[in-house]
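Engineer: Below is the structure I would like to discuss, written out as structure tokens.
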Amino acid sequence: MTQTPSWWQTGTIYQIYPRSFMDGNGDGIGDIPGIISKLDYLRWLGVDAIWLSPIYPSPMADFGYDIADYIDVHPIFGKLSDMEQLIVEAHKRDLKVILDFVPNHTSDEHPWFQESRSSRDNPRRDWYMWHDPAPDGGPPNNWTSFFGGSAWQFDEQTGQYYLHMFDVKQPDLNWRNPDVREAMYNVLRFWLERGIDGFRVDVLWMLLKDEQLRDNPQRPGWKPGDPPYARQEGRYTEDQPGIHEIVREMRKTLDDFGERVFIGEIYLPIHRLMHYYGEMLDEAHLPFNFQFVTTPTWEARTIQSMVHEYEEALPEGAWPNWVLGNHDRPRVASRLGREQARVAQMLLLTLRGTPTCYYGDELGMQNVAIPPEMMHDPQGKDNPVNSRDPNRTPMQWDDTPNAGFSPAGVQTWLPIASDYQNNNVAAEQQDPCSFLTLTRTLLTLRRALPALSQGTYQTLDQDNANCFAFLREHEGARYLVVLNFADAEQIVKPLPAGQGRIILSTHLDREEDVDLAHLQLRAHEGCLIKLA
Ligand code: NOJ
């Protein structure tokens, strides 16, 4: 890397799900004053930017991803002035603030949709995706919603169907309409003028749909009860011709305000994902790389090939990024177990590229079983197994009732994990071997060592199929990362000959010189080693 890197390249992003981070007013739901009260914690932890899932006015059919007003704040989260204060307070602490921008759909309660649905000749009719019924009166085609059922909803008043790729209360905007584009870019400008440092753009690869409305192919093997979003291939609803022009327009809008970051939520195979950097690197800075979130198998060889192929596929000059968890997928500590999740955390924070950490994953928070009567998520309506509520539970701050998230006696919007008395920020801050101490130490080292934040990456092929090893190097400083994916001791080889010094083990109990010809790792151990 020759130029001085940007904050979004060397830094770590921390995702906050505002409903669940910190309840500042004692109503059982997290809010912006709550986030402000925890900025010092985030500074202590060592992250560089916070990304907030939506905070806008919304009927909450999809917990804020159904926006009724893009330029205000939902009263349960606070006021616009609270958001302004958050920006000021975060910047004082050298933390950047990234907002979630949801351009594919609005809420059905957004005034634009209210106008659009009022009559066929309303000037905003074409702002949404209205179509006539099929000849038999049914929906215009076979497209299914990510939350289950047809993606089309019949509207009695005007006799047409509207498209909703998500909930029926999330009508899709028509991004072929230039007025829609301009209105949405004005939303970006509104927040950029208020000092927002960038956006994570929701379902960026889905904004355009096939104009001929061709049917999507069904995925073989899908059966009722499986995740509804996996039912069809998105051949005619995702990654459509023309999308890159829109992505470039969004980027241009951000660039007009200086150094702001553009992150794209895109679930695509890596070769198609790479196009979202733009041919001239003029699209997203960071098209989210979800390979670690979606991988069905977590074993050393699979992960090694993923990293290697991704590195190879990156266009010249494009900056990598890695994600381990988010509000849509099960918690990493539940997928891999808490012990292996420590190895995964070391991987995330030592790879080349911007890491994104989901709130609570720094503690090893796990999915929480939610009783059916407390379930909220629309994605779980056909089968509770697909609900995302278990990975959105309140942050565990301390061992007081309600885990310090809400005052004692308040009913929190989702239940608190039963293990909160042991697994919480306050307890883990005191424990030199805790998950939190590991995360913080990794973040501290990542800040201190340019080899980790901006050095080169090289895979080191291993004889041992349970181990993954790689080298990070910057201006002559060389660091080795060796990870054991197995539940048993392993010998790691081959490694570069000579001596090294373990500067961090995921078990947090050894710092020592080692002969790299005989490196042993304990079960679920990862080590960061400084080479002589
Ligand atoms: C992706 C978001 O991450 C998810 O939470 C949401 O339900 C859909 N987009 C719809 O906005």
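The values are calculated or read from the model by the stated rules, or taken from the named source; none is laboratory data. Given the structure is predicted, the values throughout are model-derived calculations rather than measurements. No Cβ is skipped: glycine too gets one built from the backbone with ideal geometry, and neighbour counts run over all protein chains shown. The accessibility values were calculated without ligands, DNA or RNA, using every heavy atom of the protein model including side chains. Shrake-Rupley method; radii C 1.70, N 1.55, O 1.52, S 1.80 Å.
Engineer: Please give, to one decimal in nm, the separation of the simple spin-label points placed at Glu511 and Asp255, each 7 Å out from Cα toward the Cβ.
Structural biologist: 4.5 nm
Engineer: Ok, one more. Using a 1.4 Å probe and counting only protein heavy atoms, arrange Arg219, Arg117 so the residue with the most accessible area comes first.
Structural biologist: Arg219, Arg117
Engineer: Let me ask another. With contacts defined as alpha carbon pairs under 8 Å and 6 or more residues apart, what's the relative contact order of the range 417-532 in percent?
Structural biologist: Relative contact order here is 21 percent.
Engineer: Name the residue from Leu531, Ser20, Leu351 whose Cα lies farthest towards the positive end of the charge dipole of the chain, charges +1 on Cβ of Lys and Arg and -1 on Cβ of Asp and Glu.
Structural biologist: Among Leu531, Ser20, Leu351, the one farthest towards the positive end of the dipole of the chain is Leu531.
Engineer: Which distance in nm do the two modelled labels at Ser305 and Arg43 give, with both placed 7 Å along the Cα-to-Cβ direction?
Structural biologist: Label-label distance for Ser305 and Arg43, simple model: 4.6 nm.
Engineer: Within the accessible area of the range 395-532, what % is carbon and sulfur when the probe is 1.4 Å and the other protein chains stay in place?
Structural biologist: Summing carbon and sulfur atoms, their accessible area is 48 percent of the total for the range 395-532.
Engineer: Lysine pairs in the chain with alpha-carbon atoms under 19 Å apart, 8 or more places apart or on different chains: how many are there?
Structural biologist: Total qualifying Lys-Lys pairs in the chain comes to 7.
Engineer: Which stretch or stretches of the range 222-236 have amide N atoms under 19 Å from the point lying 7 Å from Arg214's Cα along the Cα→Cβ direction?
Structural biologist: Hits in the range 222-236 for Arg214 at 19 Å: 232-236.
Engineer: If DNA, RNA and ligands are ignored and the probe is 1.4 Å, what is the ranking of His244, His271 by accessible area, most exposed first?
Structural biologist: His271, His244
Engineer: About its Cα centre, how strong a charge dipole does the chain have in debye, to the nearest 20, once Lys and Arg get +1 and Asp and Glu get -1 at the Cβ?
Structural biologist: Around 740 debye, computed over the chain.
Engineer: Would you calculate the separation in nanometres between label points at Thr400 and Gln520, each defined as 7 Å from the Cα along the Cα-to-beta-carbon direction?
Structural biologist: 4.7 nm
Engineer: To test your reading of the geometry: what angle, between 0 and 90 degrees and rounded to tens, separates the Cα axis of helix 300-313 from the longest principal axis of the chain?
Structural biologist: 70 degrees
Engineer: For the chain, give me the percentage of DSSP beta bridges that are antiparallel, rounded to the nearest 5 percent.
Structural biologist: DSSP beta bridges in the chain are roughly 60 percent antiparallel.
Engineer: Would you tell me the accessible area of Lys252, worked out with a 1.4 angstrom probe on the heavy atoms of the protein chains, in Å² to the nearest 10?
Structural biologist: Probe radius 1.4 Å; accessible area of Lys252 about 120 Å².
Engineer: Within the range 461-475, which residues have the backbone N less than 15 Å from the label spot 7 Å out from Glu312 along Cα→beta-carbon, could you tell me?
Structural biologist: Backbone N within reach: 461-462.
Engineer: Efficiency by 1/(1 + (r/R0)^6): what FRET value for Asp226 and Thr295, r their Cβ-Cβ distance, R0 = 30 Å, to the nearest 0.05?
Structural biologist: 0.95
Engineer: May I pose another question? What percentage of all Cα-Cα pairs in the chain are separated by more than 47 Å?
Structural biologist: So the portion of pairs separated by more than 47 Å is 11 percent.
Engineer: Ranked highest first by average number of other Cβ atoms within 10 Å, how do 148-154, 197-203 line up?
Structural biologist: So the peptides 148-154, 197-203, ranked by packing, come out 197-203, 148-154.
Engineer: Next question. So how do 18-27, 283-292 stack up, highest first, on mean other-Cβ count within 10 Å?
Structural biologist: The packing order, highest mean first, is 283-292, 18-27.
Engineer: Separate question: Based on Cβ point charges of +1 for Lys and Arg and -1 for Asp and Glu, what charge dipole magnitude is obtained for the range 389-532 about its Cα centre, in debye rounded to the nearest 20?
Structural biologist: Dipole about the Cα centre, nearest 20: 460 debye.
Engineer: Can I ask one more? Roughly speaking, to the nearest percent, how much of the range 154-286's 1.4 Å accessible area is carbon and sulfur?
Structural biologist: 49 percent
Engineer: Would you calculate a helix-derived [θ] at 222 nm for the chain, using -39,500 (n - 2.57) for each DSSP H run of n ≥ 4 and dividing by the full residue count, to the nearest 500?
Structural biologist: Taking each H run of at least 4 residues, the total per residue is -7000 deg cm²/dmol.
Engineer: While we're here: Using a probe radius of 1.4 Å on heavy atoms only, what accessible surface per residue do you get for the range 456-531? Whole Å² is fine.
Structural biologist: Using a 1.4 Å probe on heavy atoms only, each residue of the range 456-531 averages 43 Å².
Engineer: Related question: For the range 111-163, taking Cα atoms only, what is the radius of gyration to one decimal and the Dmax to the nearest whole Å?
Structural biologist: 11.2, 32
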